[in-house]
Amino acid sequence: MASAHVLDHPLLQHKVSMIRDKNTGTKEFRELVKEIAMLMVYEVTRDMPLKEVEVETPITMARTKVIAGKMVGIVPILRAGLGMVEGVLNLIPGAKVGHIGLYRDPETLEPVEYYCKLPVDAQERELIVLDPMLATGGSASDAITLIKKRGCSNIKLVNIIASPEGIEAVRKAHPDVDVYVAAVDEGLNDHAYIVPGLGDAGDRLFGTK
Ligand code: PRP
Ligand code: URA
């Protein structure tokens, strides 16, 4: 059974508090989400395998290490996951980027798929799925199912704020997927919004209603 990792670096806790604040405007919110994604992916990639290489420094030859193993693909869930892409690419500029379009039907609260495009060699990559919010877990679970249907098996999920229900739902549906979050909140309200959460992440990122 895969585990949920709570990344609680003080910088992450500080920045998450700032995006929760309803007075944080779109520009600052976007900047903070980017920074949070960058700090999170630093931890998420901690287990990346290394291999020894030889490089010539200006002084002498040196045996040193570089990343080995699978290349990375990142898959933001539209729309709000887009806000995390730039931060991840700052640290892993060679990553390819797929997109999955899902929205929650406001009546049924069920995710509705409208787009899926993955890198051609996605099956050979370690895929990092990005979405700031893990509420019921329906969107993330469906996104991971779509990715698996395309033959991918090496998948991590990164959310900024999660509910306990969301984590449990993903763990149940996809026990092989490690989930990384910066905060686990109290739960969900009647509209399946995370409490205390930060409201609607997509609207706050893009200035929509
Ligand atoms: C939000 C959020 C997640 C989903 C989480 O997206 O970005 O994708 O809800 O909810 P769940 O865990 O209950 O599925 P939303 O449907 O609002 O779409 P948007 O990103 O286009 O605003
Ligand atoms: N989607 C959001 O953007 N926020 C929530 O709290 C729940 C789902």
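The values are calculated or read from the model by the stated rules, or taken from the named source; none is laboratory data. Everything numeric in this text was worked out from a predicted model, so none of it was measured. Glycine also receives a Cβ, built like all others from the backbone with ideal geometry; neighbour counts cover every protein chain displayed.
Leu157 meets the stated requirement of being within 12 Å of ligand 1 (Cβ to nearest atom) and either under 27 Å from Gly94 (Cβ atoms) or at pLDDT 95 or above (or both).
Of all residues in segment 35-60, exactly one satisfies the criterion of being modelled with pLDDT under 95 and surrounded by 11 or more Cβ atoms within 10 Å (Cβ to Cβ), namely Met48.
Scanning segment 73-98 for residues that are away from ligand 2 (no atom under 14 Å from the Cβ) and within 20 Å of Ala135 (Cβ to Cβ) yields one hit, Val75.
Just one of the numbered conditions (1) outside any loop (DSSP other than H, G, I, E, B); (2) out of contact with any Gly (no Cβ under 7 Å at 6 or more places or on another chain); (3) small (Gly, Ala, Ser); (4) closer than 21 Å to Ala122 by Cα is not true of Ser17: (4). Only one entry in Met61, Met18 is free of Cβ contacts under 8 Å to residues at least 24 places away in the same chain and within 27 Å of Lys209 (Cβ to Cβ), namely Met18. Of Gly166, Gly202, Gly197, all but one fail to be farther than 17 Å from Val6 by Cβ and either within 12 Å of ligand 1 (Cβ to nearest atom) or surrounded by fewer than 15 Cβ atoms within 10 Å (Cβ to Cβ) (or both); the exception is Gly202. Give the residue that is farthest from Leu205 (Cα to Cα), with candidates limited to residues of segment 22-80 that are of a type in the set (Lys, Arg) and part of a loop (DSSP other than H, G, I, E, B). Step by step, filter segment 22-80, then rank; the result is Lys70.
Tallying residues that are surrounded by fewer than 20 Cβ atoms within 10 Å (Cβ to Cβ) and more than 12 Å from ligand 1 (Cβ to nearest atom) within segment 172-184 yields 5. Kindly evaluate Arg125 against the criterion of being more than 16 Å from the chain's Cα centre (by Cα), closer than 16 Å to Pro76 by Cβ and of a type in the set (D, E, K, R). When the stated conditions are applied, Arg125 does not pass them. Restricting Leu32, Leu89, Leu78, Leu82 to those that are touching a Pro at 6+ places or on another chain (Cβ under 8 Å) and either buried (at least 20 other Cβ atoms within 10 Å of the Cβ) or hydrophobic (A, V, I, L, M, F, W, C) (or both) reduces the list to Leu82.
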